[in-house]
Structure formats: structure tokens, C-alpha cells
Amino acid sequence: MNTHELAPPDGAHRLRRRKGRGLGSGRGTTAGKGTKGQNARSGGGVPPYFEGGQLPLVRKLPYRRGFRNPSRVEYRPINLRDLDRFDAGAIVDPTAMLTAGLVKNERERIKILGVGELDRALTVKAHRFSGSARQKIESAGGSCDVLEHASSVS
């Protein structure tokens, strides 16, 4: 067998329909476009958003500016003054913050901020700490443990 003898099996390929190639082809004259009108012309038709001259929906909606980063990581801010409800020596983790009403669910990422003072030693477990919060917790005799979040990229 030679390369010029290669061919697909019978029925594997259909011949393409040659529209507008005369009356004898069966697809001549208007070539399936109907008679006259905008859609029968070459380059005719309207874009998908065209609504017959009515003000299109895309122009009725407000123009949204800016950019929303889909990879942004949100943290629930909690100030040091909110941690004074815990007893000295307590372990303050997301579960304890949930029972105290500081967060809405345990899966939230938490960042401790340094607003307020801390007068007792606490073991604080959170995903992030500001510099001032870390310094105030450690100067009060406590410790800061950084938690890893399951889907965190950083």
C-alpha cells in the first residue's frame, strides 16, 4: 500500500454543502438565507446585544468601576481590648472566640490588632498579629501562636 492509496473508510466523511453555486446544486439563489432583508446581505445581521433600537440592557445597568481581586484573603480584625473578657492564663483560639461571640464561625481567618491594653497573660492563637498587638501580648506575659489556615496561600 502506498500513501496515495490511503483513504478514510466509506461513510466516515460527508461532502460539505456548497451553498449559492447555482440552481442545479439545489442550494442556489438565496442559499438558505430567505429573501431580502438585513440578514440576507453579506455582513448582515445584528450583534447579540442589539434589542431592536431599544436602549440595550448593558447600557441600562450601572457602569462598575475598579477591580475585585479573586485571590484576596480577608481577615476578621479583633482588637486587644476585646480579649479582656478571657481569664488570665486562658488559651484564646478561634473556638474560644466563637463561644465569646467575637467571630461568627471557626473558619474565619483572624488578625489580632493592638487597639487597647492587655493586663493579663493569654495564649492567643490567630492567623495574623499586628506588630503592636504581638508586643503588648508578650509584654503582658502571654504568647502569640500563628495558625495555618487550610486554604491559605501565604
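Of all residues in segment 2-25, which are of a type outside the set (A, V, I, L, M) and surrounded by fewer than 10 Cβ atoms within 10 Å (Cβ to Cβ)?
Asn2, Thr3, His4, Glu5, Pro8, Pro9, Asp10, Gly11, His13, Arg14, Arg16, Gly24
Wholly within segment 43-154, which helices (runs of 4 or more DSSP H) include no fewer than the required count, namely at least 2 residues that are touching a residue at least 12 places away in the same chain (Cβ under 8 Å) and surrounded by 13 or more Cβ atoms within 10 Å (Cβ to Cβ)?
Of the helices (runs of 4 or more DSSP H) lying wholly inside segment 43-154, those with at least 2 residues that are touching a residue at least 12 places away in the same chain (Cβ under 8 Å) and surrounded by 13 or more Cβ atoms within 10 Å (Cβ to Cβ) span 94-99, 131-139.
Checking Val58 against (1) touching a Phe, Trp or Tyr at 6+ places or on another chain (Cβ under 7 Å); (2) under 24 Å from Ser143 (Cβ atoms), which single condition isn't satisfied?
(2)
Within segment 18-42, which residues are among the basic types (Lys, Arg) and in contact (Cβ under 8 Å) with a residue 12 or more places away in the chain?
So the first thing to find is which residues in segment 18-42 are among the basic types (Lys, Arg), and the list is 18-19, 21, 27, 33, 36, 41.
Correct list: Lys19 only.
For segment 17-42, what are the residues that are under 43 Å from the mean Cα position of the chain (by Cα), of a type outside the set (S, T, N, Q) and not in a loop (DSSP other than H, G, I, E, B)?
Of everything in segment 17-42, just one residue is under 43 Å from the mean Cα position of the chain (by Cα), of a type outside the set (S, T, N, Q) and not in a loop (DSSP other than H, G, I, E, B), namely Ala40.
Residues of segment 43-77 being of a type in the set (Gly, Ala, Ser) and under 27 Å from the mean Cα position of the chain (by Cα), which ones?
Listed by number, the residues that qualify are Gly66, Ser71.
Within segment 60-84, work out how many residues are farther than 21 Å from Ser132 by Cβ and among the polar types (S, T, N, Q).
The number of residues fulfilling the criteria is 2.
Just so you know, all these numbers are worked out from the coordinates, no wet-lab data involved. These figures come from a predicted structure and were not determined experimentally. Glycine gets a Cβ as well: all are built from the backbone with ideal geometry, and neighbour counts include every protein chain shown.
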